[in-house]
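Notes for the one structure printed next.
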Amino acid sequence: MSGDDISKLRIKKTETVAESGKKKKIIVVMIVILLLAATGIFYKKGFLTPPVEVRVSKVINIYPSQTYTLLNASGYVVAQRKAAVASKITGRLVYLGVEEGNRVKKGQVIARLENDDAVAARNRAMANVNAARSALDQAMAEFDDAALNFDRMLKLSARGSVARSENDIAEARWKRAKATVSSQESLIKASEAALREIEVMLEYATIRAPFDAVVLTKNADIGDIITPLGAATNAKAAVVDIADMESLQVEVDVSESNIGIVKNGQPCEIQLDALQDSRFRGKVHMIVPTADRTKASVMVKIAFTDKDPRILPEMSAKVAFLSREVLPEEEKSITAIPADAIISVEGKESVFLVKEDRAYKTEIKTGGRVGNMVELLSGAGIGEIMVAKPTGKIKNGTKVKVLED
């Protein structure tokens, strides 16, 4: 190629610049379109909108009685009849026939103290009674003989066959025999009384249950010295503590300001902390007629309507004082939600469940109404959180902010 041909070559700068500018405009337009699309998506997803402030409630398990409860109080299960079973005498424990949890009947032997000395004294007293009875038999024989002799002397004296002095001697003998019989009869009574005394003392060494009960605690072991006062070193006063399980009641403190709500015979519902899944029927047994000035409260005793072997003394309890009796169909718990949390559209009921700061519309099925609560049959589980009072601002997927109460 010649030099002239090379000099004729030229680059058209205007066309290159125009093409470059056109490409830039296309890129800018595409970026704007993408930004607008992203903005629309973010807006639709709620990323660019502020969350709706809501209050929430939970799906809970309730008993229908909670809707007509007037007052709640806490206390403990207490046996109204209980005893620290001890002995009236001092002695060493040689037999113990019960342990914690055993049921005992009235009169049943619980324990026995060493009683060798009392047994010996009883044997001596029994011998004295036998000796007194033998002496009485002899005195009766002498009395019978003296009576016959005196009667014979009277007849002979009447005929003049014997001297008057002989008759007097026979009469004196008869009177002495009669007095001896009377004395021996008194000795028998005295010896029998002494025997009964020894037998009572012997019985003191046998410790029996004073009523039907359950053994709560065992306070002594074989070999311990049992004394009524328990003042001696290493001596024990009570062998066991027992309680009548039929006398169990709940004792609660009710504040003075609320005592007017409580009435004798008022129906109650009792819940024990140890038996969370059970509710027990009860009634107000007594309002103790005195107040505790330190607590500004009055003690109320609630009796169990139905007995249950699982109920034990000193269990902590909560008592609900009710406005009416619990109906049979209300004894079981139900899953429930607040009525205000439900929205109804075309006969279908829904709630807005809150999950990860968003509200999701969820269809549910409900049962009957219990106060301001509604039984939940399906759609949500116990513990799930929902919008308490949904408004028109809440849609499916709406971002929400939970307000603290």
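May I ask you to list pairs of residues, at least six apart or on different chains, whose Cβ atoms are under 6 Å apart, with the first in region 270-283 being under 22 Å from Leu327 (Cβ atoms) and the second being acidic (Asp, Glu) and surrounded by 15 or more Cβ atoms within 10 Å (Cβ to Cβ)?
The qualifying pairs are Arg279/Glu269.
Being part of a helix (DSSP H, G or I), modelled with pLDDT of 90 or more and either farther than 30 Å from Leu113 by Cβ or out of contact with any strand residue (DSSP E or B) (no Cβ under 6 Å at 6 or more places or on another chain) (or both) narrows it down to one of Ala147, Ala177, Ala158, Ala190, so name that one.
Ala190
Checking Val298 against (1) β-branched (Val, Ile, Thr); (2) at pLDDT below 95; (3) touching a helix residue (DSSP H, G or I) at 6+ places or on another chain (Cβ under 8 Å), only one condition comes out false. Which one?
Of (1) β-branched (Val, Ile, Thr); (2) at pLDDT below 95; (3) touching a helix residue (DSSP H, G or I) at 6+ places or on another chain (Cβ under 8 Å), only one is false for Val298: (2).
Return yes when Arg152 is assigned to a helix (DSSP H, G or I), buried (at least 18 other Cβ atoms within 10 Å of the Cβ) and among the basic types (Lys, Arg) and no when it is not.
Here the answer is no, as Arg152 does not meet what is asked.
What is the one condition in (1) crowded, with 16+ Cβ neighbours inside 10 Å; (2) within 17 Å of Tyr76 (Cβ to Cβ); (3) among the aliphatic types (A, V, I, L, M) that Met286 does not satisfy?
(1)
Against the definition (surrounded by 12 or more Cβ atoms within 10 Å (Cβ to Cβ) and more than 29 Å from Ser378 (Cα to Cα)), how does Asp340 come out, yes or no?
no
Among the numbered criteria (1) surrounded by 12 or more Cβ atoms within 10 Å (Cβ to Cβ); (2) free of Cβ contacts under 8 Å to residues at least 60 places away in the same chain, which single criterion is violated by Leu322?
(2)
Name the residue, out of Val354, Val300, Val374, that is of a type in the set (A, V, I, L, M), in the same structural domain as Lys263 (by TED's automatic domain parsing) and surrounded by 12 or more Cβ atoms within 10 Å (Cβ to Cβ).
Result: Val300 is the single residue among Val354, Val300, Val374 that is of a type in the set (A, V, I, L, M), in the same structural domain as Lys263 (by TED's automatic domain parsing) and surrounded by 12 or more Cβ atoms within 10 Å (Cβ to Cβ).
Just to be sure I understand, how many residues within region 329-364 are closer than 20 Å to Lys401 by Cα and not in a strand (DSSP E or B)?
Number satisfying all stated conditions: 5.
Within region 100-117, restricting attention to residues that are assigned to a loop (DSSP other than H, G, I, E, B) and among the acidic types (Asp, Glu), which residue is nearest to Pro210 (Cα to Cα)?
Residue satisfying both the conditions and the ranking: Glu100.
For region 94-109, how many residues meet the condition of being farther than 11 Å from Ala205 by Cα, touching a residue at least 40 places away in the same chain (Cβ under 8 Å) and of a type outside the set (D, E, K, R)?
7
The values are calculated or read from the model by the stated rules, or taken from the named source; none is laboratory data. Every value quoted in this text rests on a predicted model; they were computed, and no experiment measured them. FYI the Cβ positions are ideal-geometry reconstructions off the backbone, even for glycines, and counts take in every protein chain you see.
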